[in-house]
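The values are calculated or read from the model by the stated rules, or taken from the named source; none is laboratory data. Given the structure is predicted, the values throughout are model-derived calculations rather than measurements. When we count neighbours, we look across all protein chains shown, and the Cβ atoms used for this are built from the backbone with ideal geometry, even at glycine. Please note that ligands, DNA and RNA were not included when accessible areas were found on the heavy atoms of the full protein model with its side chains. Shrake-Rupley method; radii C 1.70, N 1.55, O 1.52, S 1.80 Å.
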Amino acid sequence: MSDDTLLSARDLSLSFGTLRALDGVDVDLWPGEVLAIVGESGSGKSTLLNVLAGRLTPDQGHVFYRDPDGHLADLHAMSAPALRALHRSDWGFVQQDARAALRMGVSAGGNVGERLMAKGARHYGEIRAEAARWLEMVEIDPGRIDDLPRIFSGGMLQRLQIAATLVTHPRLVFMDEPTGGLDVSVQARLLDLIRRLVGQLGLAVVLVTHDIAVARLLAQRIMVMQRGRVVEAGLTDQVLDDPAHPYTQLLVSSVLQA
Amino acid sequence: MSEGYNFAYLDEQTKRMIRRALLKAVAVPGHQIPFGAREMPLPYGWGTGGIQVTAAILGQSDTLKVIDQGADDTTNAVSIRRFFARTAGVATTTETARASVIQTRHRIPETTLRADQIIVYQVPQPEPLWRLEPSRAACRTMHALAEYGLMHVKLYEDIARYGQVAISYDYPVMVNDRHLMAPSPIPAFDNPKMDRMPALQLFGAGREKRIYAIPPYTSVRSLDFADHPFRPHRAPHACTLCGSRDSYLDEVLTDDRGGRIFVCSDTDYCATRQRKDAA
């Protein structure tokens, strides 16, 4: 791995019983880069994401993360408090089901403010101002700051989750099917928003998706997975325009052309 | 004193077990210590935790005071006081200054406690995070890592909705700048009395089987925001009986035509002031 990678994984393997969910996977991620992991259901992409985020421990292999001070840390050798601190501040996790990630009984402002308060913010006015600013960033009317997420639409919920994740200015965000389950027009708007924010904030993103179009729109680099192995990796345009592996060719050709 | 019972009702092994838990609790201020709470001859919620702690620390030379909502003469207080008078034969009192052990439910006496006194709180729910985080395992992790942002989310919600923190009793506190603690359902008005109190404070939760403690002179801080500081609330009246403008007041209905008076909830404090006025 080179000196400036943000996240590096080497030779990751993980089996669930006889099922090899990950089989010798290498990943490198540089600051400010969006990396898409694509593949069909069961190909191991969500498992890979969870291993990279330290939520699952691999049977074999290591994940290294470079902290803001430039030190390289082995994720799975870190203490639980250190890993949680990382998740709370330097990292973010956007999952497909916003309802599971957000507190549905807590107002939008409280949801966005939670990470700030977890980091130690103790000034109500500042927390509220920051929450309002972030609602505006994700195109939610700041006037709805005291509304419960329960009455938000699916697209709004997902945008709220993104605001609640990005409010602490993480350097690395993991996204698991962020546009899954949304209708096409809402999806397009959300993708626009994510692309804008990623550019503005210089975020590094590991994006898991089964949707080739999402990967093409957001990611600079792409990894195609099949049965726990990376079958093809490279620049997104290159891989999608000129797929080399038969499985990638199948994936690309199976997308409906509008 | 009744025959047939061990001193202070509990057997000696149980008292030892409780004392071990108390020592741990004092060593880690505000941290909940599990203990094997026994069945007591009164229902859960009536002070089984407090009674067990009192039984474990009571000695023959102690003088016991029991209060319920500040009053010495309510059913709960009278029953528990009589229970220990019968099973331990200890002296009892209603005067705060004369007591060496004070068992309380819902109040801290107005009279400042001294270093040679112990106050025992009856606790229904020892976990301050229980309404916010349903999993006890998750709560324990949050305590272990001192991750208390969630409690502030609750305070944030209150201010956003009501303009102020809408917790009037059992107002969460930080003990020794480390552990988040439920002070038992005392009014928020009493919270400042816990800070650097010279007396030892012990908390017993019988149903939940937890003991915790605040050693003397330990810092106890009520949670708040920099721009919404903690403000203890008190009814803006004077006591009808003794005229006190400093004590915590109960509102008492006097008839069914809207008549009401405010009186001190601490009956001993009120009576002492009335005696002074009469003299």
From B:L180, B:L202, grab the single residue that is under 29 Å from B:W46 (Cα atoms), assigned by TED's automatic domain parsing to the domain that holds B:L23, over 14 Å from the mean Cα position of the chain (by Cα) and assigned to a strand (DSSP E or B). B:L180
Give me a count of the residues in the range B:227-240 that are modelled with pLDDT of 95 or more, surrounded by fewer than 19 Cβ atoms within 10 Å (Cβ to Cβ) and among the hydrophobic types (A, V, I, L, M, F, W, C). 2
Considering the range A:108-127, residues that are surrounded by fewer than 22 Cβ atoms within 10 Å (Cβ to Cβ) and more than 15 Å from B:G149 (Cα to Cα), and then whichever is farthest from the other protein chains (Cβ to nearest Cβ), we arrive at A:E126
Test: B:Y171 is within 11 Å of chain A (Cβ to nearest Cβ) and crowded, with 18+ Cβ neighbours inside 10 Å: no
Could you figure out which of (1) more than 14 Å from chain A (Cβ to nearest Cβ); (2) exposed (fewer than 15 other Cβ atoms within 10 Å of the Cβ) isn't true of B:A146? (1)
Within the range A:128-144, work out how many residues are within 12 Å of another protein chain (Cβ to nearest Cβ) and outside any helix (DSSP H, G or I). 0
Being open to solvent by less than 40 Å² (accessible area, probe 1.4 Å) and not polar (S, T, N, Q) is the filter here; which residues of the range A:232-258 pass it? A:E232, A:G234, A:V239, A:L240, A:P243, A:Y247, A:L251, A:V252
Determine whether the range B:225-240 contains at least one residue that is within 14 Å of chain A (Cβ to nearest Cβ), in contact (Cβ under 8 Å) with a residue 40 or more places away in the chain and in contact with a helix residue (DSSP H, G or I) (Cβ under 6 Å, 6 or more places away or on another chain). yes
The number of residues in the range B:177-212 that are within 21 Å of B:W130 (Cα to Cα) and among the polar types (S, T, N, Q) is 2
Looking at the range B:48-68, can you tell me whether even one residue there is in the same structural domain as B:P185 (by TED's automatic domain parsing), of a type in the set (S, T, Y) and in contact with a Phe, Trp or Tyr (Cβ under 8 Å, 6 or more places away or on another chain)? yes
I'd like the residue in the range A:88-107 that is in contact with a Lys or Arg (Cβ under 9 Å, 6 or more places away or on another chain) and under 21 Å from B:H143 (Cα atoms) and, out of all such residues, is nearest to the other protein chains (Cβ to nearest Cβ). A:R88
Residue tally, condition open to solvent by 50 Å² or more (accessible area, probe 1.4 Å) and more than 23 Å from the chain's Cα centre (by Cα), over the range B:127-140: 2
Any idea how many residues of the range B:209-224 are within 14 Å of another protein chain (Cβ to nearest Cβ) and of a type in the set (G, A, S)? 1
Near pairs, Cβ below 7 angstrom, 6+ apart or cross-chain, from the range B:102-125 (closer than 18 Å to B:P215 by Cα) to any residue that is assigned to a strand (DSSP E or B) and among the charged types (D, E, K, R): B:I102/B:K65; B:Q122/B:R105
Tally of residues being of a type in the set (F, W, Y) and open to solvent by 10 Å² or more (accessible area, probe 1.4 Å) across the range B:182-215: 1
